[in-house]
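Shown next, in structure tokens, is the structure this report addresses.
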Amino acid sequence: MSDPFRTLVLLRHGKSAYPPDCADRDRPLAERGIREAGLAGDWLRAHVPPVDAVLCSPATRTRQTFDRTRLTAPVHYAERLYDATPGTVIDVINGVAAHFDTDIRTLLVIGHEPALSRVALGLSDGGNATAAQRISEKFPTSAIAVLRTAADWDELALQGAALVAFHVPR
């Protein structure tokens, strides 16, 4: 019997640079962000099931974070993930099937704060209390929250998943 659960991975973009006269959306990764995005990809390959699909904010720093993870899953750049509220992030996750032709068991969402920490805590119905405490204190750049759910993506709602891990690649 196959695993009835789905895995949701929330990854905050890597540390960005602040070039002069650069719009927020266009900020690239800093050297530290480049390194840590690579470490995030290494951790994901070692600790979560293979990623089937990626929803990514279209900002430069999130695109570069995805590139530096060296993951090969298909990606959809979702405009709504840039400067999103937690409700919008969940809505984008609920609509993931519209962008991919495959059964998505593991979904990676690459986005921004403060939405990702609020999504991780809002979706969690319990699980790893230490991880929840760490997320509530800070969800730094390149941080990864891993949740598991029995719900289909279009039915995932508040308190509909268990928080299983939180990792900050350094």
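The values are calculated or read from the model by the stated rules, or taken from the named source; none is laboratory data. This structure is a prediction, so every number in the text was calculated from the model and none was measured. Heads up, the Cβs are rebuilt from the backbone with ideal geometry, glycines too, and the neighbour counts pull from every protein chain shown. Areas reflect the complete protein model, heavy atoms only, side chains present, ligands, DNA and RNA absent. Shrake-Rupley method; radii C 1.70, N 1.55, O 1.52, S 1.80 Å.
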In whole Hz, the Karplus estimates of ³J(HN,Hα) for segment 52-69 (6.51, -1.76, 1.60; θ = phi - 60°; x where Gly or Pro) are 8, 7, 10, 10, 9, 4, x, 4, 4, 5, 6, 4, 5, 4, 4, 4, 6, 5
Per residue value of the accessible surface for the chain (all protein chains in place, 1.4 Å probe), Å² | 47 Å²
For segment 62-142, listing trypsin sites (Lys or Arg not before Pro) in a DSSP loop whose Cβ sees at most 13 other Cβ atoms within 10 Å gives Arg70, Lys138
What is the Rg over Rh value, at two decimals, for the chain, using alpha-carbon atoms and the Kirkwood definition of Rh?
-> 0.94
Accessible surface of segment 1-97, 1.4 Å probe, proportion on carbon and sulfur as whole % = 53 percent
Fluctuation leader among Gln133, Gln159, Gln64 - the chain, Gaussian network, Cα springs under 10 angstrom = Gln133
To the nearest 0.05, what FRET efficiency results for Thr85 and Ala46 with a Förster distance of 30 Å applied to their C-beta separation?
-> 0.40
Along the charge dipole of segment 4-165, Cβ charges K/R +1 and D/E -1, which of Tyr18, Ser117, Gln64 sits furthest on the positive end?
-> Tyr18
Using modelled backbone amide H atoms (1.01 Å from N, in-plane), which distant-in-sequence or interchain residues come within less than 5 Å of Ser142's amide H?
-> Arg12, His13, Gly14, Lys15
Using a Gaussian network model of the chain with C-alpha springs under 10 Å, which one of Leu11, Leu39, Leu108 is most mobile by mean-square fluctuation?
-> Leu39
Convert each backbone phi in segment 144-155 into a coupling constant with the Karplus relation 6.51 cos²θ - 1.76 cosθ + 1.60 (shift: θ = phi - 60°), then list the ³J(HN,Hα) values in order as whole Hz, x for Gly and Pro.
-> 10, 10, 10, 10, 10, 9, 8, 6, 5, 4, 6, 10
In nm, give the distance between the simple-model label positions of Gln133 and Asp3, each being 7 Å from the Cα along the Cα-to-Cβ direction.
-> 2.7 nm
What FRET efficiency, computed as 1/(1 + (r/R0)^6) with R0 = 25 Å and r the Cβ-Cβ distance, is obtained for Ala150 and Thr72, rounded to the nearest 0.05?
-> 0.40
What percent do you get for the relative contact order of the chain when only Cα pairs under 8 Å and 6+ apart count?
-> 31 percent
In debye to the nearest 20, how big a dipole does segment 4-165 give about its Cα centre with +1 on each Lys and Arg Cβ and -1 on each Asp and Glu Cβ?
-> 580 debye
For segment 1-89, shape from the Cα gyration tensor axes a ≥ b ≥ c, cut at a/c of 1.5 then a/b versus b/c, turns out oblate
